[in-house]
1. Please count how many residues of region 45-56 are surrounded by fewer than 21 Cβ atoms within 10 Å (Cβ to Cβ) and modelled with pLDDT under 95.
2. Looking at (1) in a strand (DSSP E or B); (2) surrounded by 24 or more Cβ atoms within 10 Å (Cβ to Cβ), which is the only condition Asp268 fails?
3. Only one of Ile182, Ile155 is surrounded by 19 or more Cβ atoms within 10 Å (Cβ to Cβ) and either part of a loop (DSSP other than H, G, I, E, B) or modelled with pLDDT under 95 (or both). Can you tell me which?
4. Go through region 192-212 and report how many residues are surrounded by fewer than 18 Cβ atoms within 10 Å (Cβ to Cβ) and assigned to a helix (DSSP H, G or I).
5. Just checking, how many residues over region 30-44 are surrounded by 16 or more Cβ atoms within 10 Å (Cβ to Cβ) and either within 25 Å of Ile274 (Cα to Cα) or small (Gly, Ala, Ser) (or both)?
6. Given the structure, is Val187 in contact with a strand residue (DSSP E or B) (Cβ under 8 Å, 6 or more places away or on another chain), part of a helix (DSSP H, G or I) and either of a type in the set (Lys, Arg) or under 28 Å from Gly45 (Cβ atoms) (or both)?
7. Grab the strands (runs of 3 or more DSSP E) fully contained in region 30-109, keeping just those with 1 or more residues being farther than 23 Å from Thr138 by Cα and out of contact with any Phe, Trp or Tyr (no Cβ under 6 Å at 6 or more places or on another chain).
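The values are calculated or read from the model by the stated rules, or taken from the named source; none is laboratory data. None of these values were measured; they are calculated from a predicted model. Using ideal geometry, Cβ is built from the backbone for each residue, glycine included, and neighbour counts are taken over all protein chains shown.
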Amino acid sequence: MSTATAEKLDNSVGKDELLDLHPRDLRALARAGKWTGTTEGLATGYAQANLVIIPKEAAFDFLLFCLRNPKPCPIVEVTDPGSPMITQVADNADLRTDLPMYSVYENGELVAQPTDITEYWRDDLVGFLLGCSYSFETALLNANIPLRHQDEDKIVSIYTTDVQCAPAGRFSGPMVVSMRPIKHEQVVRAVQVTSRFPATHGAPVHIGEPSVIGVDLEKTTFQTDYVGPGDGEVPVFWGCGCTPQAVALNSKLDFMITHKAGYLFVTDTLSEEIAAL
């Protein structure tokens, strides 16, 4: 489907109709306000990214925070101050409009979740794209490892742990993780598969008993869905790019914009392009 065709679709478009769209067409739909749903399972094979937008005066501290915490915050691209345009992992992509939904924070509090952040944009803002675990889900499926949150059309379960990230400047706070129930006999394979994707969180940070990292499986965070382990399944936890949102709440940053959990930036870069050999 061409971008022009995508822009003609109305809000009645179903998710099934988007599965095979190129990322640029998905972004065109988001830009036109015609797709405000999650990006879970869309643009198969293409890397997705978490978004963090902060004032320039805080950008170095945040860059240092990411470098010290590469599991939850692997850097994919950083914009020039004042520019909303992505130039490395997507073509003609605008961070103000090309995600289905955003979260806006002021003084560490969530104040809005718009579908367009043009009115919030300032000349001093810097955008960070961080790797997302949605990017390795195709590889898991190709290894015949089922993903029940996709089967149930839900957002992957996300939790704020009691594991503290390495602080940097004004940024400190807990690690956030995503959890996928994996069949016991497939856990080793899931670790092997995802280890090839360090740019999108890589291998799990925890396997098994949730209480060890301070998690109650029935209490998801960031408005995500509960998809708990069934018989013969083990909860497996990966670092999550929602960590900066938890850190913003903890650090009381004056102003910050992120993606809404599950509503990611879809890049033009194939996941395999950034995988380790």
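1. Total meeting the criteria: 1.
2. The failed condition is (2).
3. Every option except Ile155 fails the conditions.
4. 5
5. Adding up the residues that qualify gives 9.
6. yes
7. Those strands (runs of 3 or more DSSP E) span 46-55, 102-106.
Quick grid of which residues meet (1) outside the structural domain of Ala28 (by TED's automatic domain parsing); (2) among the polar types (S, T, N, Q):
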| residue | (1), (2) |
| --- | --- |
| Gln192 | yes, yes |
| Lys219 | yes, no |
| Tyr226 | yes, no |
| Asp231 | yes, no |
| Trp238 | yes, no |
| Lys252 | no, no |
| Asp268 | no, no |
